[in-house]
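The values are calculated or read from the model by the stated rules, or taken from the named source; none is laboratory data. For clarity, every value in this text was computed on a predicted model and none was experimentally measured. Note that each Cβ is placed from the backbone with ideal geometry, even for glycine, and that neighbours are counted across all protein chains shown. These accessible areas exclude ligands, DNA and RNA; they are computed on the full protein's heavy atoms, side chains included. Shrake-Rupley method; radii C 1.70, N 1.55, O 1.52, S 1.80 Å.
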Amino acid sequence: MAQTEYVQEPLAGFDPGAGGIDPALPLYATTFVVVDLETTGGAPDGGGITEIGAVKVRGGEELGVLATLVNPGVPIPPFITVLTGITQAMLVPAPPIEQVLPSFLEFIADAVLVAHNAPYDVGFLKAACAKHGYRWPNPRVLDTAALARRVLTRDEVPNRKLGTLAAFFHTATQPTHRALDDAKATVDVLHGLIARLGGHRVDTVGEAIEFARAVTPTQRRKRHLAEGLPKAPGVYIFRAADDRPLYVGTSGDIATRVRSYFTAAEKRARISEMLAAAERVEAVECAHSLEAEVRELRLIGAHAPPYNRRSKFPERVLWLKLTDGPYPRLSVVRAISPGDAAYLGPFSSRRGAELAAAGFHDAVPLRQCTHRLSLRTVTPACALAELGRCPAPCEHRITPEEYDIRAVAPFRTATTSDPQPVVDALLARIEALSGAQRYEEAAVVRSRLAAVLRATVRMQRLTALSGIAELAAARPAARGGWELALVRHGRLAGAGVSPPGVHPRPTIAAIRATAETVPPGHGPVPHATAEETERILSWLERPETRLVEMSSAWASPVAGAARYRDLLGKAENAASRQVSTERP
């Protein structure tokens, strides 16, 4: 049979030409539309515009002019006539705003909108579009008034009014409170301000827009740290003067993400403190987002950067396991050994582990005392035995065989396959407490049920993946080709991207040849953190991801904990609603 040629299907919704103005576009190559409005002076309610003046420029050259009077449909206040010279008689033959908008929106397409006190003009235009059913194109907006506040000092100009700035920059057209004259004056003011931006190392339209916003002196002083970074997925590391990692992050576009730390949108106090200490930014390019996320986790775990809050100490996990010897009990431990056969975890906090343990104690008669029991020596029973909460193995009221059937086996079965006996027992207890109108106690048991289900679902998912010696998967890349991942025992061992139009198998073979060797191990996450394996699981479970090769079957128990996901969601939602209603 003839082998068919490999052709990758295009991704739905991908349009390489989509998007607005590139923020990295140099100012000299950017098309600006400078606009000014005259209005009746009211609030932006969809009307009130009496005149529109707009000038399109690029590289200092005028490309087009749009100017028109607009009939607002309402009388003009006398003080507006005195201020602008626009009379009611002038506006009677003028077109209404709904007839002007199509031409205006076409005029500003693919351009950066510029205005003096831009929120005022943009507010009127957006309200008019909304009222008359036109989609506002949401262009990038540059405010010359805000830009002047950043560029010019009080010694140079006493205020940032358009007339003051026009006099300072000696504009060819003086503002007259008429839309086109004011727009032309704003064009010259814009060019004067752009000339000043070079001294502030602002060269692109995105940088100019952000520079006009309120940024701290530290952000402005350290902006050069974002220069020269790749526009690619990967990890970025802010380092101090002694090369210590201060903060580690990840992004699909390193350059754009790092630049955002030096904009007005970044308001976090700890990040401001971090920027003050940072001296350089290091970038680690990655094949795709999954590799970037995994590298970020590993770097944070290895260096514990002081300004990262999450994932800093991956080794600080806890496990819930059955002790050895006769009449086992549950114990919270920091690690499990190959000899441990019944355990649950990992837990990120002691509270989570103890909550799950309490759930098992509510459901099955596991002893809770910490005594080391003997099959020959009797130990006095505690109060739990008198309350019927413990079968009193300390007094040999139950045989080891019966204890194993009633207490130990349900825990072991719940962690590895079917938690139904535990779930049924907890649901019955919740129902009994609710029937007795002991709702607070029922809520406590519900939270324990959620802890048990959360831990068992998580561990069984992790175990299913980490039991596979090798798995290769592919996901369509945004710009063609395939994102590829090689996973060994739940750890990302290799990653890459195959070129568009080329079959991914040769790339997978190359990744396999250079991938990390990962031997088998004990537990649900033998050679990776639970967070790393969960990130891999999330990537693998996306609808667009395709499994290419597996060394063994990837399967979960038929009657496993995953079938209780809906119940877990309901328990967690009920708990969150209770917390929200209890807040003062």
Inset, instruction - Of the numbered conditions (1) within 30 Å of A485 (Cβ to Cβ); (2) in contact with a Pro (Cβ under 9 Å, 6 or more places away or on another chain), Y327 fails exactly one; give the number of that condition. - result: (1)
Inset, instruction - List every residue pair whose Cβ atoms sit under 9 Å apart, with the two residues 6 or more apart in sequence or on different chains, where the first one lies in the range 210-233 and is touching a residue at least 60 places away in the same chain (Cβ under 8 Å) and assigned to a helix (DSSP H, G or I) and the second, anywhere, is charged (D, E, K, R) and open to solvent by less than 50 Å² (accessible area, probe 1.4 Å). - result: F211/R223
Inset, instruction - Just give me the residues in the range 478-491 being open to solvent by 10 Å² or more (accessible area, probe 1.4 Å) and at negative phi, in sequence order. - result: A478, R479, W482, E483, R488, R491
Inset, instruction - Evaluate the range 435-446: report whether one residue or more is closer than 28 Å to A341 by Cα, charged (D, E, K, R), part of a helix (DSSP H, G or I) and in contact with an Asp or Glu (Cβ under 9 Å, 6 or more places away or on another chain). - result: no
Inset, instruction - Any chance you could count how many residues in the range 378-405 are assigned to a helix (DSSP H, G or I), open to solvent by 70 Å² or more (accessible area, probe 1.4 Å) and charged (D, E, K, R)? - result: 3
Legend entry - Members of the range 47-66 found to be in contact (Cβ under 8 Å) with a residue 60 or more places away in the chain and either among the aromatic types (F, W, Y) or within 14 Å of L91 (Cβ to Cβ) (or both), listed by number: G47, G48, I49, E51, I52
Legend entry - In the range 492-543, residue farthest from R458 (Cα to Cα) [restricted to those that are loosely packed, with under 14 Cβ neighbours inside 10 Å and in contact with a His (Cβ under 8 Å, 6 or more places away or on another chain)]: P519
Inset, instruction - Would you check which residues across the range 97-128 are open to solvent by 40 Å² or more (accessible area, probe 1.4 Å), not basic (K, R) and not in a loop (DSSP other than H, G, I, E, B) and list them? - result: E98, Q99, P102, S103, E106, P119, Y120
Inset, instruction - Consider only pairs whose beta carbons are under 7 Å apart and that are at least six residues apart or on different chains; among these, list those whose first residue lies in the range 328-346 and is without any contact (Cβ under 8 Å) to a residue 40 or more places away in the chain and whose second residue is hydroxyl-bearing (S, T, Y) and open to solvent by 20 Å² or more (accessible area, probe 1.4 Å). - result: S331/T323
Inset, instruction - For the range 449-462, state whether one or more residues are under 30 Å from R505 (Cβ atoms), in contact with a Phe, Trp or Tyr (Cβ under 6 Å, 6 or more places away or on another chain) and open to solvent by less than 10 Å² (accessible area, probe 1.4 Å). - result: no
Inset, instruction - Sort out which residues of the range 312-327 are out of contact with any helix residue (DSSP H, G or I) (no Cβ under 6 Å at 6 or more places or on another chain), touching a residue at least 40 places away in the same chain (Cβ under 8 Å) and farther than 23 Å from E402 by Cβ, and write them in order of number. - result: V317
Legend entry - Number of the condition not met by L537 [criteria: (1) in contact with a strand residue (DSSP E or B) (Cβ under 9 Å, 6 or more places away or on another chain); (2) hydrophobic (A, V, I, L, M, F, W, C); (3) at pLDDT 95 or above]: (1)
